[in-house]
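Comments concern the structure below.
Every number in this text was worked out from the coordinates using simple rules, so none of it is lab data. The model shown is predicted, which means the values in this text are computed figures rather than measured ones. Virtual Cβ from ideal backbone geometry, glycine too; neighbours counted across all protein chains shown.
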Amino acid sequence: MLEVLTATDNVVELALKGTIRSTDFQRIEEHVDGLIARCGSIRLLLDATEFEGWQDVDAAKTHFQFVKEHHSRVERIAVLGNHQWQHWLASAIGVFLHPEVKCFEPDQKPSALQWLAETE
C-alpha cells in the first residue's frame, strides 16, 4: 500500500507499507500532481520502514513509470529505511534521478524533515 500521510507547503510524506500494487499509484497521482501544480516542485519524505516490495512486475513498472514522469519536479527525497538494501537502493537510484536523495534511519525522521526544509 502507498499512502499520503501529510502534505505541508511543498513537503509530502508518503508511506510505503507492505506490498505495493499498480493501483496504489493511481490513488496518489492526483494528489501529487495537484501539489506540483500549486508549488512548482515538491520534496518527499518516503517512509519505507514497512516496505516489503512490489506485488508483481507490473507494480514495479508502474512505480518506475510514476518516478520517471515526476522526478524532474521533485527537489529532494528523504528515505526512512530500516534495511541496508533500502539505503543501497535509494543511493543507487539517486545517481539516475534529478532530485537529491538521502537515506535516514527510522528514528531520524526529525533530521530528515530538517534536511528537506533546508534551502540550497
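For K17, neighbours were defined as the other residues whose beta-carbon sits under 14 Å from its Cβ, and their charges (Lys and Arg +1, Asp and Glu -1) total -4. Residues whose amide H comes within less than 5 Å of that of C103, counting only those at least five positions distant or on another chain, are V79 (H built at 1.01 Å from N in the peptide plane). Springs between Cα atoms under 10 Å define the GNM used for the chain, and in it the highest mean-square fluctuation of D58, D33, D24 occurs at D58. Each of K61, K109 has some number of other Cβ atoms within 10 Å of its Cβ, and from fewest to most they run K61, K109. Each of Q114 and L5 was given a label point 7 Å from its Cα along the Cα-to-Cβ line. The distance between the two points is 1.8 nm.
For K102, a cut-off of 21 angstrom between C-alpha atoms picks up these lysines, skipping any fewer than 8 places away in its own chain: K17, K68.
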